[in-house]
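Have a look at the structure below, then the notes.
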Amino acid sequence: MTIQQAAKSVATALPTRRLGRTDMEITRAGFGAWAIGGADWAASWGAQDDRDSIAAIRHAVERGINWIDTAAVYGLGHSEEVVREALAAIPADDRPYVFTKCGLVWDEKERQATPRRVGAAASIRREVEASLKTPRRRAHRSLSNALARR
């Protein structure tokens, strides 16, 4: 028996709830990916080992967590890259939802500058499109379809 098989055999089913008016059933607890953004940006929690972050994400998914909270601003894109790498080895149908946020834009030249709040529609659209290019995500299909209808 592999470690992954053993982990799945001891995993317990976590309670889920419907997310708003969607058809998504999500676990009450998720995986927050702010800290895995690493160091060298204004709101950093400090340096992180990407291998440990990937292992933590995979462990959470193996235990039943079915969603990850991230944002492009976490590590100025690094968090989304780590999430993508962690999920790449997981079959598409077994991957958790990945929810990202937007509205915070950083200065490419000054990583330590506090990100600016930008709620303009054009900025939100750019951020969503950029995030769609980073990790492959189930939840984004719905968001992308919604944007296409507008």
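The values are calculated or read from the model by the stated rules, or taken from the named source; none is laboratory data. Computed from a prediction, not measured in an experiment: that's the story for all the values here. So basically every Cβ, Gly included, is an ideal-geometry build from the backbone, and we count neighbours across all protein chains shown.
Summary of values
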read-out: Residue under evaluation residue 51, criteria (1) at pLDDT 95 or above; (2) surrounded by 16 or more Cβ atoms within 10 Å (Cβ to Cβ), criterion not met; value: (2)
read-out: Qualifying residue in segment 103-111 (condition: touching a Gly at 6+ places or on another chain (Cβ under 8 Å) and aromatic (Phe, Trp, Tyr)); value: no
read-out: Residue in segment 70-129 that is farthest from residue 31 (Cα to Cα), counting only those that are surrounded by fewer than 17 Cβ atoms within 10 Å (Cβ to Cβ) and hydroxyl-bearing (Ser, Thr, Tyr); value: 123
read-out: Residues of segment 33-69 that turn out to be free of Cβ contacts under 8 Å to residues at least 40 places away in the same chain, closer than 19 Å to residue 115 by Cα and not in a loop (DSSP other than H, G, I, E, B), as a count; value: 2
read-out: Residue match in segment 44-53 (condition: closer than 28 Å to residue 124 by Cα, touching a Leu at 6+ places or on another chain (Cβ under 8 Å) and of a type outside the set (Asp, Glu)); value: no
